[in-house]
Structure formats: C-alpha cells, structure tokens
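Let me begin by presenting the structure, written as structure tokens, before commenting on it.
What follows draws every value from the coordinates through simple rules; no lab data is involved. Keep in mind that what you see is a predicted model, and the values were worked out from it rather than measured. For neighbour counting, all protein chains shown are included, and Cβ atoms are generated from backbone atoms with ideal geometry for every residue, glycine included.
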There are 2 protein chains.
Amino acid sequence: MTDIKKRSDCPISSSLDIWGDKWSLLIIRDLMFKKECTYGDFIKAEEKIATNILASRLQSLEENALIEKLDHPDSKAKVLYRLTEKGIDLLPVMIEINIWANKYFSLPEDRKAMIKEVKKDKKKFIKSWIKELKKV
Amino acid sequence: MTDIKKRSDCPISSSLDIWGDKWSLLIIRDLMFKKECTYGDFIKAEEKIATNILASRLQSLEENALIEKLDHPDSKAKVLYRLTEKGIDLLPVMIEINIWANKYFSLPEDRKAMIKEVKKDKKKFIKSWIKELKKV
DNA sequence: AAAATAACTTGCAATTTGCAAGTAGTTTAA
DNA sequence: TTAAACTACTTGCAAATTGCAAGTTATTTT
C-alpha cells in the first residue's frame, strides 16, 4: 500500500519521501492549527481532498508515525487524529513556509496576524505552540 | 503546460502548489548547495530524476520565478540555472527540514556537520549563506 | 426501526511520473 | 575539417498516482 522507497540519504529527499506529496502537509497543517481532527474535519477543509486520497494519506502518515489515531470521547463512530511528537516537530518547517508565503502571496488576515506574532519572538512562539499541541 | 491552480488561499497550500511536488525541492536543494547547476548537474544527482521530469520542473520553477537561466561563461551548449531571490528565500524552509530530518533519520556526515553549524547561530548562518548565494 | 452520520472502500477515468529512445545545436579530438 | 561526443532538451508509451462518484459498514440520532 504505502511505499517506503527512499530515493537517497539526503535529508530533504528522505523527508519528501514521507510527507512530500500534494496533500500530506495540508493534513499536518490542519492538525497543527486545530490540534485534533476527525476524518470529516479534513474533508471539510477548503482544498477539498478526495475521500480515498485522504484515507491513504492518513494511513501513510500513521505508518510513518507523524500522526496517531485516538478514540473519540463522544462517539464510537468517530475517530480523532492527532500529531505525534514527530509530527509536531514539523512546526518550524510549517512556520517558515508561512513566512515565505507571506512575502510572495497575499494571505488571509488571520495568518498574517499569526506571522506577525511569530516574528516578534520565533523561539518563544514555537515553544508555546508545541506546548499547546502536546497538552492532553 | 504548467498549471497554476491554486487550491486555496492558505499559504501552505499555495506554496505546495508551486514547489510541493516530488522533485522541485530537490532541484532547489541542489541550487542551494551548489549555487549554480547545469542541466547535467541535476541529472547527476543521487535521486536520478528523469530527463523529461527535470525539463518540466525547471520550466515551472522558472515560470514561478524561483529560478533563472543564465548563459554559461564557457560554452554556448551549456545553460546555468540559479536561484532567484524568491528561491533563495526558501533557505530557512530547507534548513528546518534538515533539522527535522536530523532528528528522525540518519544523515550523511557532511549534512550533520552543517546542521551543527546552523544550531550554533541560525540567523547568522542563514544570513551568510544567503550572501554567498547572492554573490555574482 | 428508519434515516442520517462517520469513516472509510471500490471502480474507473484523468493526470502525472518514469523509462527509453530520439533530436538539434555545440564542442572536441583526429 | 569533419566525425564523434556532449549538452540540453523532446517524444512516445507504459506504469503509477490522483480524482470523482458511488458504494459499504458501523454507529447514532429521530
């Protein structure tokens, strides 16, 4: 199902082999911003991922230990997805992409505001966000 | 030829729409490390990109102004590719990916050494590297 | 107990990737 | 000075991936 073909030992290449497809980083983004998502939450996202692609990406991200499944406290029919530490550690990457995009695209206001915050004290921002994501 | 379909206004999504495929970031990596590359240099890279894919990615990266073509000083048969400022600005993203990968993969020694350097003073490292890349 | 939700699966078409074999202009070696 | 080699591509086709629409199964709600 999922391919663990490493193209080389280069860290960029190895990383892309895991989350360098068209959708994985958007799934991770959702989890960074919302902390926990159900399958339906991902489906609702603006980019309109197809259900089969979502299922396959969730599986591969789980296999690669970037995300984990949790029982939903309210319902057996629902599943909660969450970032693992390995996934949370992608926050600095995510932030740098935001900063880059902020320079070359026009962003939604809430993101602009976030980047402004980041720029005040990047380390502090990351630290407190990670803390938030790790809260049970 | 190249698709400029923006899936949404999200900065992560917009960024991925430009360089979020399997190969673009590896091309950018080569240019970050070697400053200038010919078509043949890219072909020589460890990951073995197919010639047609390389041509199409180079074209789309150029269309999106991340890279530019230059005449080769020694030969009319050769072409030099180089990062634009927009491309160079991806250095922080590249570095954070390296740092992430350093935690979760085993890297080649030269990259490990680089990351060690980065960690001493990230801002300084980035600044001096950018300066190097911008040198004519 | 029937209808609606939630999380997927399945089948197939469209797009993208990958391979192998060109091609056209340029440079090198005999 | 000309043929072989090099450089940067292009082309054609097969294989893999993505995307769409329509299921399916297990809850949960009405």
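Here's the yes/no breakdown for (1) more than 9 Å from DNA strand C (Cβ to nearest atom); (2) more than 17 Å from A:Asp21 (Cβ to Cβ):
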{"residue": "A:Glu36", "(1), (2)": "yes, yes"}
{"residue": "A:Tyr39", "(1), (2)": "no, yes"}
{"residue": "A:Phe42", "(1), (2)": "no, no"}
{"residue": "A:Asn52", "(1), (2)": "no, no"}
{"residue": "A:Leu61", "(1), (2)": "yes, no"}
{"residue": "A:Leu70", "(1), (2)": "yes, yes"}
{"residue": "A:Ile88", "(1), (2)": "yes, yes"}
Tell me, which helices (runs of 4 or more DSSP H) lie completely within the stretch B:1-116 with 2 or more residues that are of a type in the set (Val, Ile, Thr) and under 26 Å from A:Pro108 (Cα atoms)?
B:11-19, B:91-104
Reported set for the stretch A:64-80 where residues are touching a residue at least 12 places away in the same chain (Cβ under 8 Å) and aliphatic (A, V, I, L, M) is A:Ala65, A:Leu66, A:Ile67, A:Leu70, A:Val79, A:Leu80
In the set A:Ala65, A:Ala77, A:Ala50, A:Ala55, the lone residue that is among the small types (Gly, Ala, Ser), over 18 Å from B:Pro11 (Cα atoms) and away from DNA strand D (no atom under 16 Å from the Cβ) is A:Ala65
Taking A:Gly87 and the conditions (1) closer than 21 Å to A:Trp129 by Cα; (2) surrounded by fewer than 13 Cβ atoms within 10 Å (Cβ to Cβ), which numbered condition does it fall short on, given that it satisfies the others?
(2)
Taking the options A:Glu117, A:Glu109, name whichever one is away from chain B (no Cβ under 14 Å), among the acidic types (Asp, Glu) and more than 12 Å from DNA strand C (Cβ to nearest atom).
A:Glu117
When the stretch B:35-47 is examined, which residues are found to be more than 10 Å from DNA strand D (Cβ to nearest atom) and under 25 Å from B:Lys131 (Cα atoms)?
B:Lys35, B:Glu36, B:Ala45
Which ones in the stretch B:1-41 are within 12 Å of chain A (Cβ to nearest Cβ), over 13 Å from B:Asn64 (Cβ atoms) and free of Cβ contacts under 8 Å to residues at least 12 places away in the same chain?
B:Arg7, B:Ser8, B:Asp9, B:Cys10, B:Pro11, B:Ile12, B:Ser13, B:Lys22, B:Phe33
